Amino acid sequence: FLSANGRYGLKELLEWSKSCDNLLLINPDNPSGNIVSRSDVITLLDSMKASGKKLVLDESFIDFCDIPKSSVFDQAVLDQYPNLILVKSISKSYGVPGARLGVLACSDEAVIASVRKGLSIWNINSFGEYFLQIIGKYRKEYEKACERIIEERRRFVRELESLGWLQVLPSQANYVMCRIETGCSARKLAEELLSVHNLYIKDLTGKKGVEGDRWIRLAVRDTADNDRLIAVLRSAGKQIR
């Protein structure tokens, strides 16, 4: 799915939509952090609606996007496009993976009925239910936390680029995809960081749509954790260049 520079947009999506019954779009994308603008998503929805196709849109990482009004998660859009099935994982953005929380929204009642039919009777535990009850109280704190991650991502990207041996793709998520520009493979680097420094990075070798064995994904954490990773990568770079 990645072009030479790791990007894709409306042109590619429209082309892909012609050869499938329905289309799944993760926006921002995982693992590249690529973002498709709201206006382009609307154009895609118009095209797919005309051809009777559905777009499954995953906006699990959209809260880390620094482009205003990127999400299409609003009632007006859902009402206008019954061919839109929007999903979002709450656990990813709020950092509570154990809660296993998410949401699906669609104005097609048949789709909602089908999903509900497939759910277990007890599809949420008491911890998840309590989390949903109190989540609204901390909305402002959550938005500030997302802003801090966005700012730290910008700094983190600059530091990664300064290493001189990583191609760093622009990202609108809380992770960054990079290509190793030396003879070192992603697996070798990942194993070295884990065994010697107890640092885990994602080796993307073999992931569908990712070509070659040089791509890695790095999580955007807090400043201290990111600086530790940068220091280790800077040291490692002297050995693998």
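The values are calculated or read from the model by the stated rules, or taken from the named source; none is laboratory data. What you see is a predicted model, and the numbers here were worked out from it, not measured in a lab. FYI the Cβ positions are ideal-geometry reconstructions off the backbone, even for glycines, and counts take in every protein chain you see. Side chains are part of the model used for accessible areas, which takes the heavy atoms of the whole protein and leaves out ligands, DNA and RNA. Shrake-Rupley method; radii C 1.70, N 1.55, O 1.52, S 1.80 Å.
Values computed for the structure shown
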item: Extreme residue, farthest from the chain's Cα centre (by Cα), among residues of region 41-81 that are of a type in the set (Lys, Arg) and open to solvent by 70 Å² or more (accessible area, probe 1.4 Å); result: Lys49
item: Flag for Ser120 being open to solvent by 30 Å² or more (accessible area, probe 1.4 Å), of a type in the set (S, T, N, Q), in contact (Cβ under 8 Å) with a residue 12 or more places away in the chain and outside any helix (DSSP H, G or I); result: no
item: From Phe127, Phe64, residue being aromatic (Phe, Trp, Tyr) and closer than 21 Å to Asp29 by Cβ; result: Phe64
item: Candidate set from region 28-66 (those that are of a type in the set (Val, Ile, Thr) and part of a loop (DSSP other than H, G, I, E, B)); member that is nearest to Gly9 (Cα to Cα); result: Val36
